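The values are calculated or read from the model by the stated rules, or taken from the named source; none is laboratory data. Bear in mind the structure is a predicted one, so any value in this text is a computation, not a measurement. All Cβ positions, glycine included, derive from the backbone under ideal geometry; neighbour counts span all protein chains shown.
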Amino acid sequence: MAPFRQLEDQGEFILYDPQAIPQIDKRWFQLEYWQNQQALLGGAPGRGTSVFIQTPAGEAVWRHYHRGGLPGRFIKDLYLWTGLRTTRAWQEMHLTQKLLALGLPVPRPLAARVQRLGGVYKADLITLRIPKALPLSDYLPQVDAAEQKQALQAAAITIHRFHQAGLNHTDLNPRNLLIQADNKKVWLIDFDRCQLNQPEPKTAQRNLERLYRGLIKVDAHQAGVWYDWLQRAYAQQ
């Protein structure tokens with residue numbers, strides 16, 4: 001896997017995969033650029049602003065970093081600048097590449113952009129879109145119990161692989177687990193603020209408990225059954 005390349009222009013930094021994108025410039029991070037090329041494919045729900053775009057590398061997801069919770073009400077998309085390597089986009093781009101190199105089911109990172117604005121910055125990330133995939137939060141309510149169980153068992157196997165690699169996914173929820181209905185393959189996305197360390201059972205359990213709270217938000221009546229299926233499959237790995 002080739003190393004990323006970096007561009008810099010007046011406080012704006014772009015990190016990109018030269019194998020997937022031979023050429024890139026800051027227009028890639030401007031909505032009008034994709035609109036003018038009729039390459040804007042739609043949007044995705046979530047905390048940040050995500051849009052689907054048709055790039056030379058294939059369909060991709062462009063996500064602008066937004067704060068969640070109470071801080072997001074006041075400083076929507078600004079983060080404290082402590083150096084380029086510590087920015088959210090730089091960290092997530094490199095972590096996703098490491099996970100990809102380990103053979104884990106993650107979207108290929110294509111490019112990241114950081115705009116420094118004095119003591120703060122804004123950031124964006126572009127990754128390849130997983131074809132024909134739905135968030136688990138959308139998939140589960142659409143299918144019968146047998147398919148729900150199959151999906152959750154597949155999710156458990158995927159999550160266990162990441163935990164064995166030492167990933168602490170700080171926002172493990174049903175929106176960040178994508179399932180391809182045709183082959184039941186489950187992917188994990190959104191590695192903002194996640195860490196790769198030595199495997200730690202307590203950390204893994206906290207991740208799973210967070211996922212359970214997310215399942216409750218999808219369907220409070222079914223969440224207990226769903227989580228039981230997932231836990232049983234996870235324990236068998």
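Structure data summary
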{"quantity": "Residue list for region 108-128, filter: farther than 15 Å from residue 21 by Cα and out of contact with any Asp or Glu (no Cβ under 9 Å at 6 or more places or on another chain)", "calculated": "117, 118, 119, 120, 121, 124"}
{"quantity": "Only listed residue being under 30 Å from residue 138 (Cα atoms) and either more than 18 Å from the chain's Cα centre (by Cα) or in the same structural domain as residue 93 (by TED's automatic domain parsing) (or both), chosen from 22, 3, 18, 56", "calculated": "56"}
{"quantity": "Test: residue in region 188-197 that is loosely packed, with under 15 Cβ neighbours inside 10 Å and more than 27 Å from residue 60 (Cα to Cα)", "calculated": "yes"}
{"quantity": "Residue identified as assigned by TED's automatic domain parsing to the domain that holds residue 38, surrounded by 15 or more Cβ atoms within 10 Å (Cβ to Cβ), aliphatic (A, V, I, L, M) and over 26 Å from residue 161 (Cα atoms) among 78, 99", "calculated": "78"}
{"quantity": "Residue 138 vs. criteria farther than 27 Å from residue 200 by Cβ and assigned by TED's automatic domain parsing to the domain that holds residue 200", "calculated": "yes"}
{"quantity": "Matching residues in region 88-113 - criterion: being in contact (Cβ under 8 Å) with a residue 60 or more places away in the chain and not in a helix (DSSP H, G or I)", "calculated": "102, 104, 105, 106, 107, 108, 109, 110, 111, 112, 113"}
{"quantity": "Tally, over region 104-126, of residues that are within 12 Å of residue 190 (Cα to Cα) and of a type in the set (A, V, I, L, M, F, W, C)", "calculated": "3"}
{"quantity": "From 211, 188, 177, residue being in contact (Cβ under 8 Å) with a residue 40 or more places away in the chain and over 24 Å from residue 123 (Cβ atoms)", "calculated": "211"}
{"quantity": "In region 18-31, the residues that are in contact (Cβ under 8 Å) with a residue 12 or more places away in the chain and in contact with a Phe, Trp or Tyr (Cβ under 6 Å, 6 or more places away or on another chain)", "calculated": "24"}
{"quantity": "Test: residue in region 50-61 that is at pLDDT 95 or above, within 22 Å of residue 161 (Cα to Cα), hydrophobic (A, V, I, L, M, F, W, C) and not in a strand (DSSP E or B)", "calculated": "no"}
{"quantity": "Residue 154 vs. criteria assigned to a helix (DSSP H, G or I) and either of a type in the set (Lys, Arg) or in contact (Cβ under 8 Å) with a residue 12 or more places away in the chain (or both)", "calculated": "yes"}
{"quantity": "Selection from region 178-230 of residues that are assigned to a helix (DSSP H, G or I) and within 23 Å of residue 99 (Cα to Cα)", "calculated": "201, 202, 203, 204, 205, 206, 207, 208, 209, 210, 211, 230"}
